[in-house]
Amino acid sequence: MPNWGGGKKCGVCQKTVYFAEEVQCEGSSFHKSCFLCMVCKKNLDSTTVAVHGEEIYCKSCYGKKYGPKGYGYGQGAGTLSMDKGESLGIKHEEGPSHRPTTNPNAAKFAQKIGGSERCPRCSQAVFAAEKVIGAGKSWHKSCFRCAKCGKGLESTTLADKDGEIYCKGCYAKNFGPKGFGFGQGAGALVHSE
């Protein structure tokens, strides 16, 4: 058939591909609407395409069609071969074998080794992704609340007393100065001698 339009031909439908609808892959041109897996017809892009000769596939279908075959491949759970390559002349050196820990509380041991700190409110390990520092201690974001009213705190809005944290309002009510006028608005401190 003569190429009257002079454009490139689609690798799937063999019709002319114009610039606005062109997708290039491995030196071939395709219409965007033709750039589909040959088996499951999913849309492809540069990260999901697998090429075999002139055929294009999604990586999943490519693996099923051209990937390793045998017991345990492509059908879900299977078995792994324990062949160490002796038939190919490869000599396998035995290294130290893995020994499980004898620590009866391995989870706590791992937390101490990992350097994680404990939240003063709930006593659980505090990891970097959930850590908030206030009053010189590491807290979970969800535990970083006023001990009296439960209001969420920030490092700039807290007051601490005896290892516990409070919002400024609760701290003032419970631990601030007492007397006529405090906590009520304008007034004067009464000094009794």
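The values are calculated or read from the model by the stated rules, or taken from the named source; none is laboratory data. Quick caveat, the model's predicted, so the values are computed rather than measured. Counting neighbours? That spans all protein chains shown, and the Cβs are built from the backbone with ideal geometry, glycine included. Surface areas here come from the heavy atoms of the whole protein model, side chains and all, with no ligands, DNA or RNA. Shrake-Rupley method; radii C 1.70, N 1.55, O 1.52, S 1.80 Å.
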If you take the residues in the range 31-48 that are open to solvent by less than 70 Å² (accessible area, probe 1.4 Å) and modelled with pLDDT of 90 or more, which one is farthest from residue 10 (Cα to Cα)? 40
I'm checking my understanding of the structure. Among residues of the range 121-148 that are at pLDDT 85 or above and part of a helix (DSSP H, G or I), which one is most open to solvent (accessible area, probe 1.4 Å)? 141
Of the residues in the range 150-165 that are under 15 Å from residue 121 (Cβ atoms) and among the hydrophobic types (A, V, I, L, M, F, W, C), the one that is surrounded by the fewest Cβ atoms within 10 Å (Cβ to Cβ) is 158
Only residues that are modelled with pLDDT of 85 or more and within 19 Å of residue 133 (Cβ to Cβ): list them for the range 159-182, please. 159, 160, 161, 162, 164, 165, 166, 167, 168, 171
For the range 51-60, which residues satisfy the criterion of being out of contact with any Ser or Thr (no Cβ under 9 Å at 6 or more places or on another chain) and either surrounded by 18 or more Cβ atoms within 10 Å (Cβ to Cβ) or part of a loop (DSSP other than H, G, I, E, B) (or both)? 53, 57
